[in-house]
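Worksheet: the structure to be examined is printed underneath.
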Amino acid sequence: MIIRKTAYGTDFVGLFTLFSGKEYYYPKLMPKPPHEGIEISTDSNLLGMFFEGNKNGIVGTENADLKVTKIETKYTALGNLICATDKGAVISPLIENKKKEIENALKVKASVTQIAGIDIIGSLVLANNKGAVVHPNASETEMDIVAKALKVHVDQATILRSGFLGSMAVANDDILIITPSVMAPEMAQIAEILEID
């Protein structure tokens, strides 16, 4: 299922909302949530920026009224620094020293990489258990690391000609929630790679 919705009237659905396995989370009192889910009260409305998860758990640095493994780090926006699925995770070099904690919380192995030479990989990768799309400037080496870590096919893509895929969409194995401003060819490519109808 493809859902074309905004979050707080912006294109950045991935900054405000979060899939963790099949569960969809959005900030408490969010007007017109993009999809049915669980509303969460946190220190910030930027759920997708501060949290990342899979079917096994969620990691974050903020306080929230959901079960989160709290990671102590000066880099608080963990959702921008991690991309996780049920099969694996990729994490930013900025939090490489937290790799074991993240692996234990999410119960998957993690690999460390940048994407397009940039550290905020959670904003530059959109993935589920069937595929992953990355920033168009990602190198072959970076794409190979993502493919091996997440155990999926990886390809380059954009949303509104931007490589900030993880900021502008969220997905699990069945649902892709993406800004309605996305261009049709971009949406078709992303849906094909993630195998979502």
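The values are calculated or read from the model by the stated rules, or taken from the named source; none is laboratory data. Nothing here was measured: the structure is a model prediction, and the numbers come from that model. Cβ sites come from the backbone with ideal geometry, for glycine too, and all protein chains shown count toward neighbours.
Would a scan of the stretch 74-87 turn up a residue that is among the aliphatic types (A, V, I, L, M), closer than 26 Å to PRO27 by Cα, touching a residue at least 60 places away in the same chain (Cβ under 8 Å) and out of contact with any Lys or Arg (no Cβ under 6 Å at 6 or more places or on another chain)?
Restricting attention to the stretch 74-87, the residues satisfying the condition of being among the aliphatic types (A, V, I, L, M) are 77-78, 81-82, 84.
This time we only want the ones that are closer than 26 Å to PRO27 by Cα, so: 77-78, 81-82, 84.
Applying the additional criterion that residues be touching a residue at least 60 places away in the same chain (Cβ under 8 Å) yields none.
No: zero hits.
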- Among residues belonging to the stretch 117-127 that are part of a strand (DSSP E or B) and β-branched (Val, Ile, Thr), point out the one that is nearest to the chain's Cα centre (by Cα). VAL125
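One line per residue, one yes/no per condition, for (1) within 16 Å of the chain's Cα centre (by Cα); (2) under 18 Å from GLY48 (Cβ atoms); (3) surrounded by fewer than 23 Cβ atoms within 10 Å (Cβ to Cβ):
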{"residue": "THR76", "(1), (2), (3)": "yes, yes, yes"}
{"residue": "LEU81", "(1), (2), (3)": "yes, yes, no"}
{"residue": "THR85", "(1), (2), (3)": "yes, yes, no"}
{"residue": "GLY88", "(1), (2), (3)": "yes, no, no"}
{"residue": "PRO93", "(1), (2), (3)": "no, no, yes"}
{"residue": "GLU96", "(1), (2), (3)": "no, no, yes"}
{"residue": "ASN104", "(1), (2), (3)": "no, no, yes"}
{"residue": "VAL108", "(1), (2), (3)": "yes, no, yes"}
{"residue": "SER111", "(1), (2), (3)": "yes, no, yes"}
- Message: Condition first: touching a strand residue (DSSP E or B) at 6+ places or on another chain (Cβ under 8 Å) and either among the charged types (D, E, K, R) or over 15 Å from GLY60 (Cβ atoms) (or both). Now tell me which residues in the stretch 27-37 satisfy that.
- Response: LYS28, LEU29, MET30, PRO33, PRO34, HIS35, GLU36, GLY37
- Item | Tally, over the stretch 1-55, of residues that are touching a residue at least 40 places away in the same chain (Cβ under 8 Å), of a type in the set (A, V, I, L, M) and surrounded by fewer than 23 Cβ atoms within 10 Å (Cβ to Cβ) | 3
- Taking first residues from the stretch 170-195 that are closer than 24 Å to LEU46 by Cα and small (Gly, Ala, Ser) and second residues anywhere that are in a strand (DSSP E or B) and at pLDDT 95 or above, the pairs with Cβ under 9 Å that are 6 or more apart or on different chains are ALA171/PHE19; ALA171/LEU126; ALA171/ALA127; ALA171/ILE177; ALA171/ILE178; SER181/ARG4; SER181/ILE159
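Which is part of a loop (DSSP other than H, G, I, E, B), aliphatic (A, V, I, L, M) and closer than 26 Å to VAL182 by Cβ, of MET30, MET49?
Values: MET49 fails: part of a loop (DSSP other than H, G, I, E, B).
It is MET30.
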- Item | Residue ID - farthest from THR141 (Cα to Cα), chosen from residues in the stretch 52-101 that are outside any loop (DSSP other than H, G, I, E, B) and charged (D, E, K, R) | LYS70
